[in-house]
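The values are calculated or read from the model by the stated rules, or taken from the named source; none is laboratory data. Everything numeric here is computed off the predicted structure, so don't read it as measured data. Note that each Cβ is placed from the backbone with ideal geometry, even for glycine, and that neighbours are counted across all protein chains shown. When the accessible area is computed, the model is the full protein with side chains, heavy atoms only, and any ligands, DNA or RNA have been set aside. Shrake-Rupley method; radii C 1.70, N 1.55, O 1.52, S 1.80 Å.
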Amino acid sequence: VYYQLCAENHRWWWFAFFAPGSTALYTFLYSLVWFKSLEASRMLMTYLLYFGYMALICFSMLLIFGTVGAVTSFWFTRKIFGTIKVD
């Protein structure tokens, strides 16, 4: 976020949200690899349940980690701009 602020990017909060939230994408992609290694049944319901729940879990991870990252970045931004003395 600091580099985004130095580059005067006024949309830094999206970077602060999606950078930690990208863990959810990695988790979902890993779940694809892991599911491929299983010898699961060939029924459609197995796929729907597994990938449906993984999508919900990963979306929850995106929201939680993104919110923590955005709030932490907002706190950091307030802290560094609060120390500037303007005469």
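By the scheme Lys and Arg +1, Asp and Glu -1, what is the net charge of all other residues having a beta-carbon under 14 Å from that of residue 72? Intermediate results must be reported in sequence, preceding the final value.
Values: positive: 78, 79; negative: none.
Once all neighbours under 14 Å are counted, the net charge is +2.
Quick check: pseudo-label points 7 Å beyond the Cα along Cα→Cβ at residue 41 and residue 68, how many nm apart are they?
Here the modelled spin labels are 3.6 nm apart.
What is the chain's relative contact order, in percent, from Cα pairs under 8 angstrom and six or more apart in sequence?
Values: 50 pairs, mean separation 40.6, N = 87.
Computed over the chain, the figure is 47 percent.
Could you derive backbone 3J(HN,Hα) for the stretch 41-51 from the dihedral phi with the Karplus parameters 6.51, -1.76 and 1.60 (θ = phi - 60°), listing whole Hz in sequence and x where the residue is Gly or Pro?
Each residue's phi maps through the Karplus curve to give 5, 8, 6, 5, 5, 4, 5, 5, 5, 4, 6 Hz.
Taking 4 °C and 1.567 mPa s as the conditions, I'd like the Stokes-Einstein D for the chain in µm²/s, using the Kirkwood hydrodynamic radius from alpha carbon pairs. Kindly include the intermediate steps, with their values, before the conclusion.
Details: Rh = 15.3 Å.
So the translational diffusion coefficient is about 84 µm²/s.
Report, in debye and to the nearest 20, how large the dipole of the chain comes out about its Cα centre when Lys and Arg carry +1 and Asp and Glu carry -1 on their Cβ.
40 debye
Rounded to the nearest percent, how much of the accessible area of the chain (1.4 Å probe, protein heavy atoms only) is carbon and sulfur?
Values: 5080 of 7120 Å².
Taking all protein chains in place, the chain shows 71 percent carbon and sulfur surface.
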